[in-house]
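Novice: Quick one: the structure is below, and I'll ask about it shortly.
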Amino acid sequence: MKDTLDMPVGVPPVGLDLSERRIVRGWMLLAVGALPAPGVLALSLALARAPGAENWFPWPWASFFHTALVTHVVMFFIVWLLAMLGGLAALVRPGGMLSRTGLLLAGGGTVLLLLSALLHLGEPLLIDYVPLLNHPVFYSGLVLLAAGVALPVLHLLVRPPDWGISLTMGIGTAGVIFMLSLLCFGLGWLSFPDGQRLGSNDAAIVWGGGHLLQLVNTTLLLTAWQILGEQCFGKSPLSFGQWRIVCALLLLSALPGPVFYSFWQGNAPELRLAFTRLYWVGLPLPILVGGAALLWRLVTCKPQWRSPAYLALLWSFATFAAGGVLGLFADGHDTRTPGHYHAEIIGVTLALMGLIFSVFLPALCCGGKNGGMVLWQFWLLGGGQLLACCGLFLAGSQGVGRKIAGAEQGLDSFSKIIGLRLNEMGGGIAVIGGVLFVSVALARLLARTPSARAVGE
């Protein structure tokens, strides 16, 4: 028997039977359950940049740092965000064997990714967008995860409920771009003959698909802004007509990706430059339009300090905008670059956290009063990460390199040390916010009694 729930205007009416609810809950447990590992590792990586940190650990220093960095990025930038896409697809188009099978595949893939790190399998490859551990178990985990997310996305795209609803339009667009990114990964793989792929040309294989995944993340962000904005202000930042145009621009930005492989292959510098230019040409306009509309709502509407949706919007916009500004000065060689992209990805994360409390938990009948524990997590995670990113930017502006730690950083000036201290402090604050989020969200997702659902009041 289905319980039909009243949802925000931009969200389809959710009537989930018990089986459908279990599938969506499973995707949310996978997404939220993936966060403790990157949270702990984020704090470890921040501490690893402290002067003399290489003397604190009893195991091989460089190996630990690089493996931890790969695991942190993959669990946070890949598993968490793609599991949210799978969960949103399963919510918009409930039920079906595809969504259930996809959840099992994605869960199995995540286990393999974690085992690869815990057992220290393979050499860390610190490549952009999708860093890797050069081992078959790790590669198998990525393939299973991608296949698992693709199944509910296909279920949505083949039989969409209503393209005239904001959430369906946004998640459908993100889903199409995700499928295009998988196609780019496949074409990148086929660009090299057997024996010249994994372990030697990994960076070129994931370059195109990795760029399109950033478009997926951007689409998720803007979709969340639309839904949360309607809930907070009674009206979405963009009208549906404007939203449709923004989604079309995002999709058009992704479509040339697979076509590039018809002109260039392998390690061709033209291919690398084409995706870089596509990224810079396709992303700014949708973000500027959506960001300007959201800023107008935030400035002109009354603040709602007790609303998780409002705090998610406020801190998501603040961190994402700060990341955009920092990115103007990043050159890819020092810690200004991770300062830039961490701020932006936390902006996406905060928006998705808002969706969990405002859309997912009510749809699963797992809602509760949003008291101090819920509200404080946005302040701590947003504010702490903003401080950490500013510290990374300060250190990078003085020449501290990225993807290194300990004595390699050359901490020979006061400003370098202050920057990394700010990174440590902000990282610690952000981890506290993350712990609050994971504990409250998991408690509600796993709750069986009304009293248990009240965690966070």
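Novice: Considering region 292-321 alone, what residues qualify as being without any contact (Cβ under 8 Å) to a residue 40 or more places away in the chain and out of contact with any helix residue (DSSP H, G or I) (no Cβ under 8 Å at 6 or more places or on another chain)?
Specialist: Answer for region 292-321, where residues must be without any contact (Cβ under 8 Å) to a residue 40 or more places away in the chain and out of contact with any helix residue (DSSP H, G or I) (no Cβ under 8 Å at 6 or more places or on another chain): Ala292, Val299, Thr300, Lys302.
Novice: (1) at pLDDT 95 or above; (2) charged (D, E, K, R); (3) under 13 Å from Ala293 (Cβ atoms): which one isn't true of Arg244, the others all being true?
Specialist: Every listed condition holds for Arg244 apart from (3).
Novice: Considering region 206-217 alone, what residues qualify as being open to solvent by less than 10 Å² (accessible area, probe 1.4 Å) and β-branched (Val, Ile, Thr)?
Specialist: Listed by number, the list holds a single entry, Val216.
Novice: Further question: For region 4-15, state whether one or more residues are assigned to a strand (DSSP E or B), modelled with pLDDT of 60 or more, over 14 Å from the mean Cα position of the chain (by Cα) and surrounded by fewer than 22 Cβ atoms within 10 Å (Cβ to Cβ).
Specialist: As a first pass, look at region 4-15 and keep what is assigned to a strand (DSSP E or B): 4-5, 14-15.
Of the ones still in play, those that are also modelled with pLDDT of 60 or more are 15.
Subset that is over 14 Å from the mean Cα position of the chain (by Cα): 15.
Next cut, surrounded by fewer than 22 Cβ atoms within 10 Å (Cβ to Cβ) only: 15.
Scanning region 4-15, I find at least one residue that is assigned to a strand (DSSP E or B), modelled with pLDDT of 60 or more, over 14 Å from the mean Cα position of the chain (by Cα) and surrounded by fewer than 22 Cβ atoms within 10 Å (Cβ to Cβ), so the answer is yes.
Novice: Show the residue pairs that are 6+ apart or on different chains and have beta-carbon atoms under 9 Å apart, the first residue being within region 334-355 and assigned to a loop (DSSP other than H, G, I, E, B) and modelled with pLDDT under 95, the second being surrounded by 24 or more Cβ atoms within 10 Å (Cβ to Cβ) and of a type in the set (S, T, N, Q).
Specialist: Thr335/Asn423
Novice: Ok, one more. So which of Thr223, Thr300 ends up being farther than 29 Å from Ser191 by Cα, of a type in the set (Ser, Thr, Tyr) and open to solvent by 50 Å² or more (accessible area, probe 1.4 Å)?
Specialist: Thr300
Novice: Please work out which one of (1) outside any helix (DSSP H, G or I); (2) within 24 Å of the chain's Cα centre (by Cα) is the condition Trp305 fails and give its number.
Specialist: Against the list (1) outside any helix (DSSP H, G or I); (2) within 24 Å of the chain's Cα centre (by Cα), Trp305 comes up short only on (2).
Novice: What is the number of the single condition among (1) at pLDDT 90 or above; (2) crowded, with 23+ Cβ neighbours inside 10 Å; (3) touching an Asp or Glu at 6+ places or on another chain (Cβ under 6 Å) that Ala46 does not meet?
Specialist: Result: Ala46 passes all but (1).
Every residue, every condition in (1) in contact (Cβ under 8 Å) with a residue 60 or more places away in the chain; (2) open to solvent by 10 Å² or more (accessible area, probe 1.4 Å); (3) closer than 23 Å to Trp189 by Cα, yes or no:
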residue	(1), (2), (3)
Leu228	yes, no, no
Cys232	yes, yes, no
Pro237	yes, yes, no
Ala254	yes, no, yes
Ser262	no, yes, yes
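Novice: Take the residues in region 283-297 that are within 19 Å of the chain's Cα centre (by Cα) and open to solvent by less than 20 Å² (accessible area, probe 1.4 Å); name whichever of them is farthest from Phe263 (Cα to Cα). Full working, then the answer.
Specialist: Let us first name the residues in region 283-297 that are within 19 Å of the chain's Cα centre (by Cα), namely 283-284, 286-287, 290-291.
The next check asks that each one be open to solvent by less than 20 Å² (accessible area, probe 1.4 Å); those that pass are 283, 286, 290-291.
Numbers: Leu283: 23, Pro286: 27, Gly290: 33, Gly291: 35 Å.
That would be Gly291.
Novice: Kindly indicate the residue of region 362-383 that is within 16 Å of Val438 (Cα to Cα) and under 19 Å from the mean Cα position of the chain (by Cα) and also most open to solvent (accessible area, probe 1.4 Å) among those meeting that condition. So that I can check it myself, show each step before the final result.
Specialist: Of region 362-383, the ones within 16 Å of Val438 (Cα to Cα) are 366-368, 370-382.
Narrowing further to those that are under 19 Å from the mean Cα position of the chain (by Cα): 377-382.
Values: Gln377: 0, Phe378: 0, Trp379: 96, Leu380: 37, Leu381: 18, Gly382: 0 Å².
Result: Trp379.
Novice: Something else: Collect the residues in region 94-127 that are under 20 Å from the mean Cα position of the chain (by Cα), part of a loop (DSSP other than H, G, I, E, B) and farther than 16 Å from Trp189 by Cα, keeping them in residue-number order.
Specialist: Scanning region 94-127 gives a single hit, Leu126.
Novice: List pairs: first in region 273-286 and more than 14 Å from Asp128 (Cβ to Cβ), second open to solvent by 50 Å² or more (accessible area, probe 1.4 Å) and part of a helix (DSSP H, G or I), Cβ under 8 Å, 6+ apart or cross-chain?
Specialist: Gly282/Leu249; Gly282/Leu252; Leu285/Leu249; Pro286/Leu249
Novice: So, one more: Restricting to region 169-204, name every residue that is among the hydroxyl-bearing types (Ser, Thr, Tyr), surrounded by fewer than 22 Cβ atoms within 10 Å (Cβ to Cβ) and at pLDDT 90 or above. Don't jump to the end; show me each part of the working.
Specialist: First, the residues of region 169-204 that are among the hydroxyl-bearing types (Ser, Thr, Tyr): 173, 181, 191, 200.
Those still in the list that are surrounded by fewer than 22 Cβ atoms within 10 Å (Cβ to Cβ) too: 191, 200.
If the condition is that a residue be among the hydroxyl-bearing types (Ser, Thr, Tyr), surrounded by fewer than 22 Cβ atoms within 10 Å (Cβ to Cβ) and at pLDDT 90 or above, then Ser191 is the only one that fits.
The values are calculated or read from the model by the stated rules, or taken from the named source; none is laboratory data. This is a predicted model, so every value here is computed, not measured. All Cβ positions, glycine included, derive from the backbone under ideal geometry; neighbour counts span all protein chains shown. These accessible areas exclude ligands, DNA and RNA; they are computed on the full protein's heavy atoms, side chains included. Shrake-Rupley method; radii C 1.70, N 1.55, O 1.52, S 1.80 Å.
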